[in-house]
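Only one structure is covered here, and it is reproduced in the block below.
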Amino acid sequence: MLAEVGARAGTRHHAKQYSPTFVSGVVRLVDLLIILSVGLGVYWFYVVSGFGLSSRYVTAILLGAVLGSAVFQWCGVYDSSYMFLRRFPIDRALSAWAITFAILLTVAVALKITESYSRVWAGVWFVGTAGLLTGGRLVIGHWISQLAHEGRFAERTVILGASEQGQRLAAHLNEQSDLYTRVVGFVDDRKSRVPASSNGYEVLGDTNHLIEMIRRDRVDQVFVALPWSAAQRVRELIHQLSVTPVRICLAPESVCFDYPDHGFMRVGHVPMLQVFERPISGWSYVTKTIEDRLIAGLLLLFVAPLLALIALAIKLDSRGPVFFKQVRYGFNNTLIRVWKFRTMYTDLTDVHCDVQTRKGDPRITRVGQFLRQSSLDELPQLFNVLFGSMSLVGPRPHALSTKAEGSLFTDIVDRYAARHRVKPGITGWAQVNGWRGETDTVEKIQKRVEYDLFYIDNWSIWFDIQILLKTFFVILKDDNAY
């Protein structure tokens, strides 16, 4: 929907602008009116069948409206970064209204006044308000979409600096079709040494011309896109522009465009680009540890008879130990011993995985074939989880010598080792998305790493639960394990 905003906004230089604050205020007013009107409407048509007023009901409705406004604000319902998503959001508003109503009910129970109000009135007020909040946001979402297509939210932006850094910034803004930004053009004091236009934008003039444009109210913000190494020149330009009533931003160095989704943090009052956060740390680590140990312990108790039957089948099928322990890379590139049920003939076992298992592999026993296809050979890894070297969910650990198209994984994918920033898992996001089994091609290992890194960057307890649930369905229908 918003992909065309940049292009269309560029053709509307004189369209009246609407600030996100104005739109937020409209939404806030609509929410308040919905809470009041539904409460009063249900009261008039159900409780009194007329237009009389009861102080009890009026107090409850007004309290709900005031409390609702505060809770909606607290839940971030009116944050511009949330309101202007591609799909106009409703989940926070419904959650905030549920919290508001729960608080009202708690107060009523605490004061022992629930009998003073109609339960039908209260129920219809809650459901009716939730329904109108949803419908109202659909209407407002369409309105915002129209304004966006007309470029009504776009800040008229000039990029100061038409060199490589400024051009890369313009290209990036073009790709993003940012709702809030419409690039007017470049400004550069070296106009004779830079191209007349770049990325479809003209070089408008020098800094003095920029200040004149600002005086004529033709610019809302300026992005200073000069190399930070030219510190003195940057300071001079910012000082020169500091007297103008527009927003001045210092654009990042070119290397920052390689990490567009990462934010800045302040260390000693100095902004620093946080390229990577320590994954699954603090309370997240505690939560995941409890999840792993608790579920692994319960599963081991539940499948203990199955483990015994599998062990017996392996012993009857071929000579050798029941378990197969293989050294693989674990957390922080440390070496761990991964437990599995033995699925190959003992004398043909490939400890370092110099040759990947393939369909119809003669090294695999009859019982081993079944165990691999059903993934039951992985069950002993619950002991790895219980002892702390693995997690239930995480990037699958690979054997040390595993290769794709004759090359080690670390030589194929630059960020392959980044998978080891967390503990490896019995199952993972890559596995439930079809990248399970043999990794004999470059594409397969690249995709597996891509999905693994997405999991690391977006981990949550609910994400883990989703993967665990999907794993059972994948095992039942997947043909990639052999």
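Quick note: the coordinates plus some simple rules give every number you see, no bench work behind them. From a predicted model like this one, the values you see are computed outputs, not experimental measurements. We place every Cβ from the backbone using ideal geometry, glycine too, and count neighbours over all the protein chains shown.
So here's what we get for this one:
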read-out	value
Peptide ranges 332-338, 156-162, 263-269 listed from the most packed, as the mean C-beta count within 10 angstrom indicates	156-162, 332-338, 263-269
Extension gain from Arg233 to Val47, taking 0.36 nm per residue of separation minus the Cα-Cα distance	59.7 nm
Förster radius 22 Å - calculated FRET efficiency between Leu469 and Val286 (Cβ-Cβ, nearest 0.05)	0.45
Relative packing of 111-122, 387-398, which averages over residues the other C-beta atoms within 10 Å, highest first	387-398, 111-122
Projected label distance in nm at Arg218 and Asn433, using a 7 Å step from Cα toward the beta-carbon	4.7 nm
Simple label model, 7 Å out from Cα along Cβ direction - Asp79 to Val26, nm	2.3 nm
Average Cα contact separation per residue, the range 283-477, under 8 Å, 6 or more apart, as relative contact order %	21 percent
Whether the range 155-273 is rounded, prolate or oblate, judged on the alpha carbon gyration tensor where a/c under 1.5 counts as rounded	rounded
Three-way shape label, the range 283-477, alpha-carbon gyration tensor, a/c 1.5	oblate
Difference of contour (0.36 nm per residue) and Cα-Cα distance, Lys359 to Val139	73.7 nm
Cβ-Cβ FRET estimate between Lys315 and Asp414, R0 fixed at 45 Å, reported to 0.05	0.50
Chain lengthening between Glu277 and Leu400 when straightened (0.36 nm per residue, less Cα-Cα)	41.6 nm
Two-site FRET efficiency, Arg247 against Phe302, from Cβ-Cβ distance with R₀ of 60 Å, rounded to 0.05	0.50
